[in-house]
2 protein chains.
Amino acid sequence: MNSNTPLLILGIDPGSNITGYGLVKKQGSQLIHIDNGCLTTKRSQELPQRLHSIHASLREIIQKYKPDCMAIEEVFFAKNVSSSLRLGEARGVALLAAAQEGVEIFEYSTRVVKQALTGFGQAQKEQVQKMVQKLLKLPEVAQIDASDALALAICHANTYKMRSL
Amino acid sequence: MNSNTPLLILGIDPGSNITGYGLVKKQGSQLIHIDNGCLTTKRSQELPQRLHSIHASLREIIQKYKPDCMAIEEVFFAKNVSSSLRLGEARGVALLAAAQEGVEIFEYSTRVVKQALTGFGQAQKEQVQKMVQKLLKLPEVAQIDASDALALAICHANTYKMRSL
């Protein structure tokens, strides 16, 4: 693929309460913000219904924008086994939605995302959030989960650039 | 629901490599084995493709047998955060398949399943496997993941009996 071919990247930050998503188009050396948002599930809902709602919304987003690829966090550790299980469930339905729509998936660790955005792998969450706002020329910072999803998309856009050199 | 109304229970033991399933019909005080098996994914496949395959197979099984409910293990701990994440991903798509087909889900801890099958919450896996064979009059023990799924279905059948008294 020529490095000037536009690439539409969907970043996803999954969670059973809030799943952030962000769409970034890479066109030449430009990064263009397309959309971002948070899929919020009701705490009163049972887990299977929440997963159903996350999965259905992600499929809708994929069908609407038809991204070329999806970028998602590579998880090495979570707070504990229970939070890691909950994260896995949300992550599972997000990966499934992409697989069902034939979207290629790329994984990046938090450290790599921070490094790509700020040049520093140990950067604070807020620094990353501000860099996302700056790089995509957003009028204000995006909600944290949506911003993390945009950061993943930007990280993929930069990695892709390096690969295509 | 009258305790004589037949109840078809689908037990599921999810995993990204092997997902066991087992179908048990409870009719009055009788437990009838309907089917069991293992959904095995190829290790050469990427994770999203494996999740896709588990999800598609489970939806097919649910559509074929139309179970009244699904019994799945309640997980409190796993070996480590990474295995818990992998388990969560498989569990997520199993819960999704049931939610999409409108099947009610019940969770039971390993201790409760072992207690229900053998009368002893700390029973060995093999003891549970033999009790499953005995209770369902199987010609031989089922494969361990399928047997665990049948154990979950039997556990739900017994709990349901207690509830309906």
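The values are calculated or read from the model by the stated rules, or taken from the named source; none is laboratory data. Keep in mind that this is a model prediction, so the values were computed, not measured. Because the Cβ atoms are built from the backbone with ideal geometry, glycine has one as well, and the counts that use them run over all protein chains shown.
Looking across region A:25-67 at every residue that is part of a loop (DSSP other than H, G, I, E, B) and farther than 22 Å from A:Leu138 by Cβ, the one that is nearest to the other protein chains (Cβ to nearest Cβ) is identified as A:Glu46.
Among the residues of region A:130-158, the one identified as farther than 15 Å from A:Cys38 by Cα and touching a Cys at 6+ places or on another chain (Cβ under 8 Å) is A:His156. Only residues that are at the interface with chain B (Cβ under 9 Å from one of its Cβ atoms) and among the charged types (D, E, K, R) were counted in region A:68-85, giving 1. Exactly one residue out of A:Ala94, A:Ala99 is in contact with a His (Cβ under 9 Å, 6 or more places away or on another chain), in a helix (DSSP H, G or I) and within 7 Å of chain B (Cβ to nearest Cβ), and it is A:Ala99. Considering region A:1-23, and only residues there that are in contact with a Gly (Cβ under 7 Å, 6 or more places away or on another chain) and part of a strand (DSSP E or B), the residue that is surrounded by the most Cβ atoms within 10 Å (Cβ to Cβ) turns out to be A:Gly11. Scanning region B:18-43 for residues that are of a type outside the set (A, V, I, L, M, F, W, C) and in contact with a Ser or Thr (Cβ under 6 Å, 6 or more places away or on another chain) yields one hit, B:Thr41.
To keep it simple, each residue is scored yes or no on (1) of a type outside the set (Lys, Arg); (2) closer than 30 Å to A:His55 by Cβ.
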position	(1), (2)
B:Leu58	yes, yes
B:Cys69	yes, yes
B:Glu73	yes, yes
B:Ala99	yes, yes
B:Leu117	yes, no
B:Lys125	no, no
B:Gln129	yes, no
B:Ser147	yes, yes
B:Leu150	yes, yes
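Does A:Arg50 fit the bill of being among the charged types (D, E, K, R) and crowded, with 22+ Cβ neighbours inside 10 Å? Against the criterion (among the charged types (D, E, K, R) and crowded, with 22+ Cβ neighbours inside 10 Å), A:Arg50 qualifies. Of the residues making up region A:96-130, those that are free of Cβ contacts under 8 Å to residues at least 24 places away in the same chain, among the aliphatic types (A, V, I, L, M) and within 27 Å of A:Ser57 (Cα to Cα) are A:Ala99, A:Val128. State yes or no: is A:Ile18 in contact with a helix residue (DSSP H, G or I) (Cβ under 9 Å, 6 or more places away or on another chain), hydrophobic (A, V, I, L, M, F, W, C) and either at pLDDT 95 or above or closer than 16 Å to A:Leu87 by Cα (or both)? It is true that A:Ile18 is in contact with a helix residue (DSSP H, G or I) (Cβ under 9 Å, 6 or more places away or on another chain), hydrophobic (A, V, I, L, M, F, W, C) and either at pLDDT 95 or above or closer than 16 Å to A:Leu87 by Cα (or both). Here A:Ala142 meets each of (1) free of Cβ contacts under 8 Å to residues at least 24 places away in the same chain; (2) in a loop (DSSP other than H, G, I, E, B); (3) surrounded by 18 or more Cβ atoms within 10 Å (Cβ to Cβ) with one exception, condition (1). A:Val141: closer than 25 Å to A:Ile61 by Cβ, aliphatic (A, V, I, L, M) and more than 9 Å from every other protein chain (Cβ to nearest Cβ), yes or no? Yes.
Would you confirm whether any residue within region B:112-124 is crowded, with 17+ Cβ neighbours inside 10 Å, more than 9 Å from chain A (Cβ to nearest Cβ) and small (Gly, Ala, Ser)? Taking every residue of region B:112-124 in turn, at least one turns out to be crowded, with 17+ Cβ neighbours inside 10 Å, more than 9 Å from chain A (Cβ to nearest Cβ) and small (Gly, Ala, Ser).
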